[in-house]
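First up is the structure itself, then whatever we jot down about it.
What follows draws every value from the coordinates through simple rules; no lab data is involved. The shown structure was predicted, so the numbers you read here are calculated from the model rather than taken from an experiment. Cβ atoms come from the backbone with ideal geometry, glycine included; neighbour counts cover every protein chain shown.
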Amino acid sequence: MSAINNRIDNKFAELKQLGEPAFIPFITIGDPDLKTSVDIILTLEEAGAAVVELGVPYSDPLADGPVIQRSSMRALGRHQVSILDCIEAARLAREQGSKLPFILFTYYNPVLQLGLEKLFGLLAENDISGVIIPDLPMEEDGEARVQAERFGIHIIPLVAPTSNERVKKIVSRSSGFIYCVSSLGVTGTRSEFHSGIDEFLDTVKSSTDLPIAIGFGISNNEQFARFSKSCDGIVVGSALVRQIEEALPQLENESTYRQGLLQISDFVRKLLGK
């Protein structure tokens with residue numbers, strides 16, 4: 001996979017022509033198990049996902065709120081799900097026909113243990129288009145960028161309302177799209193967003209030609225519609241992971257498994273107003 005043919009770029013270009021925002025769901029891989037995660041990816045694609053973030057379970061997720069923390073603890077506690085398992089989930093989903101761009105969402109410690117060259121090689125080999133590493137600061141990402149460019153993988157940056165003068169510097173060396181954090185603090189559903197969110201989004205848009213996506217806290221159709229007017233993509237994490245958590249009794253019982261997947265699909269369709 002070359003940067004020229006990166007699935008993320010192709011998907012945003014396609015949606016721009018259609019005048020539609022990209023729905024970008026986040027799921028924790030391995031919650032409740034690897035096979036179910038693959039089926040959830042396929043369910044999300046059918047329901048309208050444009051890109052999927054594959055969350056690597058982590059024991060100390062600094063950017064994640066309680067819902068995603070619980071999902072990580074389940075995946076780690078039951079199956080010891082690793083970064084390699086998450087990459088395998090992408091391979092299995094692709095094998096079953098998924099055409100979505102995948103983004104691996106991981107903290108830096110698992111990357112460090114695996115090794116940068118090995119990680120980016122595996123991402124390319126398994127057709128994963130991007131990576132988000134929230135605890136890797138711009139000042140220390142030089143080696144990662146070398147490997148990302150070598151293998152044609154986008155490192156997706158997170159910019160927050162507090163980034164201020166760093167915004168232009170961050171986006172000037174970015175590729176794929178810019179992930180704008182809607183609120184201060186960790187992930188989680190919210191009824192209100194940062195008071196200066198629209199000005200912040202304008203600042204980011206004026207600093208880059210790349211698509212911008214917004215995440216952290218979006219959980220319903222009203223919020224999705226609001227940000228669809230100003231953003232190229234909308235990331236939904238905690239609200240979806242909570243739906244998966246609520247569907248666990250169905251997903252863990254063979255006789256109600258499809259019902260559990262349908263519950264997740266219904267949530268997505270309501271979110272998108274379908």
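Long-range amide H contacts for His154: which residues qualify at under 5 Å (H placed 1.01 Å from N, peptide plane, sequence gap of 5 or more or a different chain)?
Under 5 Å from the amide H of His154: Gly130, Val131.
Expected output is a single nm value to one decimal: the length gained when fully extending between Glu140 and Ser255, i.e. 0.36 nm times separation in residues minus the C-alpha distance. What is it?
The span from Glu140 to Ser255 would gain 36.5 nm if fully extended.
Taking the Cα centre of the chain as origin, sum charge times position over the Cβ atoms of Lys and Arg (+1) and Asp and Glu (-1), and report the length of that vector in debye to the nearest 20.
Dipole size: approximately 380 debye.
I need the peptides 166-179, 42-55 ranked by packing, meaning the mean over residues of other C-beta atoms within 10 angstrom, with the highest value on top.
42-55, 166-179
Using only alpha carbon pairs under 8 Å that are at least six residues apart, calculate the relative contact order of the chain and give it in whole percent.
Result for the chain is 21 percent.
Out of the trypsin sites (Lys or Arg not before Pro) in the range 193-257, which ones are loop residues according to DSSP with at most 12 other C-beta atoms within 10 Å?
Lys229
Sort the following peptides by mean Cβ neighbour count (other Cβ atoms within 10 Å, averaged over residues), highest first: 81-92, 251-262.
By packing density, highest mean first, the sequence is 81-92, 251-262.
Counting only Cα atoms, I'd like the Rg/Rh figure for the range 13-128, Kirkwood definition for Rh.
Looking at the range 13-128, the ratio lands at 0.97.
Can you list the lysines whose alpha carbon is less than 30 Å from that of Lys99, not counting same-chain residues fewer than 8 positions off?
Lys11, Lys16, Lys35, Lys118, Lys205, Lys229, Lys270, Lys274
For the ranges 101-108, 195-202, 123-130, what's the packing order if you count other beta-carbon atoms within 10 Å of each residue, average per peptide, and put the highest first?
Packing order, densest peptide first, comes out as 101-108, 123-130, 195-202.
Net charge around Ile244, counting only other residues with Cβ within less than 13 Å of its Cβ (Lys, Arg = +1; Asp, Glu = -1)?
Net charge around Ile244: -4.
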